[in-house]
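Presented below is the structure to which this report refers.
The values are calculated or read from the model by the stated rules, or taken from the named source; none is laboratory data. If you're wondering where the values come from, they're calculated on a predicted model, not measured in any experiment. Here the Cβ positions follow ideal geometry from the backbone for every residue, glycine too, while neighbour counts run over all protein chains shown.
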Amino acid sequence: MPDNITEELVAVLSSKDSFEFKPLFDVLLLNLRERNAASGGEEMLRLRSYEKLQGLVNQGAVTRTVTGAKKKYKGVAARMTTLKAEMKLLRADWSEKLRVKAAARS
């Protein structure tokens with residue numbers, strides 16, 4: 001199943017900018033609300049987003065730079081391109097499965 005939070009994280013971190021978590025989450029929340037994909041409480045979404053971000057860091061798709069008390073996150077361009085392509089295929093496969101399922105019901 002496609003993951004809306006990871007899709008948005010990849011979309012935002014594909015830019016050349018680096019983000020601290022709070023501004024990154026603000027952009028993420030706005031984008032998810034525009035897609036009508038922000039469900040649950042904001043605090044739970046913040047926790048899930050941070051968990052997904054750390055997963056991307058562990059995969060090597062995002063670099064974390066620590067300067068004093070500040071942590072900044074930036075996407076690794078080559079890995080972001082690969083993740084975008086993988087997620088696009090996953091979204092297309094999922095949409096096709098839903099279309100077939102809906103057609104079977106009719």
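Computed values, structure above
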quantity: Per-region count, the stretch 54-106, residues modelled with pLDDT of 95 or more and aromatic (Phe, Trp, Tyr); calculated: 1
quantity: Residue 34 in contact with a strand residue (DSSP E or B) (Cβ under 7 Å, 6 or more places away or on another chain) and of a type in the set (Asp, Glu); calculated: no
quantity: Only one of 24, 45 that is surrounded by 13 or more Cβ atoms within 10 Å (Cβ to Cβ) and either more than 21 Å from residue 79 (Cβ to Cβ) or at pLDDT below 90 (or both); calculated: 45
quantity: Residue in the stretch 30-41 that is modelled with pLDDT of 95 or more, aliphatic (A, V, I, L, M), assigned to a helix (DSSP H, G or I) and within 11 Å of the chain's Cα centre (by Cα) present; calculated: no
quantity: Among (1) surrounded by fewer than 12 Cβ atoms within 10 Å (Cβ to Cβ); (2) under 13 Å from the mean Cα position of the chain (by Cα) - the single one residue 67 does not satisfy; calculated: (2)
quantity: Scope the stretch 56-106; condition more than 17 Å from residue 6 (Cα to Cα), assigned to a helix (DSSP H, G or I) and basic (Lys, Arg); matching residues; calculated: 97, 99, 101, 105
quantity: Unmet requirement for residue 18, which otherwise passes all of (1) surrounded by 13 or more Cβ atoms within 10 Å (Cβ to Cβ); (2) under 13 Å from the mean Cα position of the chain (by Cα); calculated: (2)
quantity: Unique match (being of a type outside the set (Gly, Ala, Ser) and in contact (Cβ under 8 Å) with a residue 24 or more places away in the chain) among 89, 30, 56, 98; calculated: 56
quantity: The stretch 16-27 residues that are in contact (Cβ under 8 Å) with a residue 24 or more places away in the chain and of a type outside the set (Ser, Thr, Tyr), paired with ones that are surrounded by 11 or more Cβ atoms within 10 Å (Cβ to Cβ) and in a helix (DSSP H, G or I) (beta carbon under 6 Å, 6 or more apart); calculated: 25/46; 25/49
